[in-house]
């Protein structure tokens, strides 16, 4: 660092900033001194690099952390200078007053970002977050598809109860995350996933029902903790700049932060889709490898899809669960409703693989994820942090903007539940057989990843209303195809094309919804995202709950009507926001 500078000269107007007197290697970390709640700065020691951190003010000046000043006052790297001379210099009235003045400036400067972290540390935490999310997704999504595809009505009811509890737990999730922290929220959530998959090794009604309910309680906090950690990393990375970027205008930090949020969300979505593809690929291989040679499974499936007046399977939109329950000579549809209709060997192997993936997610999260300080809610009445977070969530239901986005969140849950439950059972299993279910969702995950990655980059160059129109037309065409098409094993490629196209539509709606929320609410995104996931889980719960009671053609008509009711207010909101942005741009240019 060099010897201690002359502190009398710090108040001179013609002196260069402190950042020029001391050589600070890259990266240089700077903070916007803009706060929403007046939170006091936190001065923690975060490794060897923090003594070189400079906090730049709006006026262009600079100040040092308390840690830096204490180190400056306690020692000098020049070993030839005696201790007596240093003490004499610091005990002088001018030097002591300058030090006190600098310390007062630092302590009076609020910093909502908390401690400073290097780019390498933040990226390592992001990689750990993506890896943990991918492993748990690789276990959970194939199981949900299989449970809804081949189980009787009780399986759909369990999934409905799971997502109903997740919808309500998402409302209190921000409070829990603020209390426990992102790291421990993720560890506890992944730990409940381990318990969930472990109980599937010996499935009984007395163990599976509590397992589904417990996972539903922790699914909301798990999603909230993951998104909170993602946004925290984006906020930290947006203020880590190199020396070449240090001369940029302060107002450009907002656009920089939005760009980083999109990049990190793109990476997390890619990790999720990679887990979806990997998990379904491994599950499809295990189903093919352990497929029995006898005809027990086809007889069982015939019993589920026969009608009163015919011995042929009824698949597609004409399938009605009410009339396809216990028909057929050897039907046993009331047996084993809480477990997979799979051989014991296959069920044990799948549960073991899923359990291993979830254990890996816990290990990666516990080993490589740091306790990075996140944004704290500020309450003008100085109530506890949890109370402020809970009030923010309930106030989100009165926000007109969020009220217009709620129907789209419900539709996202409904269409995802339809694919996991009705399409996989009434289309894929009925026409192609059980081993093809996971191959169909593998193609869905692959195209969904490609579409989400491409759309996230294209949204900066094309109008969002154009994307809404394309997604609306494309999704309506898919609903029409599923309504008129009678699935058959003679054209298996069409199943993969439809599922892949559905993945593209799902990527459009999820990307649009997420980017809108984090753009409109850049500093208060916790409550809007909790509001969004509440309605999304509610849609999933409704889709799984109606899985065994409503005919498919009614569900398709209901999806089409919900799509219209969801896209219309959302498109109007997007047009209003676009007009406001144009008006603001014109006023700025004037």
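Brief remarks on what is shown
- Highest mean first, the peptides 471-482, 278-289, 133-144 sorted by other C-beta atoms within 10 Å per residue fall in the order 133-144, 278-289, 471-482.
- Of the peptides 438-445, 453-460, 183-190, the order by per-residue mean of other Cβ atoms within 10 Å, starting with the highest, comes out as 438-445, 183-190, 453-460.
- Cα extents of segment 439-508 along the three principal axes, largest first (Å): 42, 23, 12
- Label positions at residue 586 and residue 368, each projected 7 Å from the Cα along the C-beta direction, are separated by 5.0 nm.
- Förster radius 45 Å - calculated FRET efficiency between residue 549 and residue 459 (Cβ-Cβ, nearest 0.05): 0.70
- Averaging Cα coordinates gives a centre for segment 201-232 and one for segment 381-450; these two points are 15 Å apart.
- Exposure proxy shown here: for 549, 273, the number of other Cβ atoms within 10 Å sets the order, fewest to most, as 549, 273.
- FRET efficiency, residue 394 to residue 180 (Cβ-Cβ, R0 25 Å, nearest 0.05): 0.80
- Kirkwood hydrodynamic radius of segment 153-208, from inverse mean 1/r over distinct Cα pairs, in Å: 12.9
- Per residue, the Cα convex hull of segment 487-590 amounts to 131 Å³.
Any read-out appearing in this document is the output of simple, stated calculations on the displayed coordinates, not a laboratory observation. Predicted model only: the values in this text are computed from it and were never measured. Because the Cβ atoms are built from the backbone with ideal geometry, glycine has one as well, and the counts that use them run over all protein chains shown.
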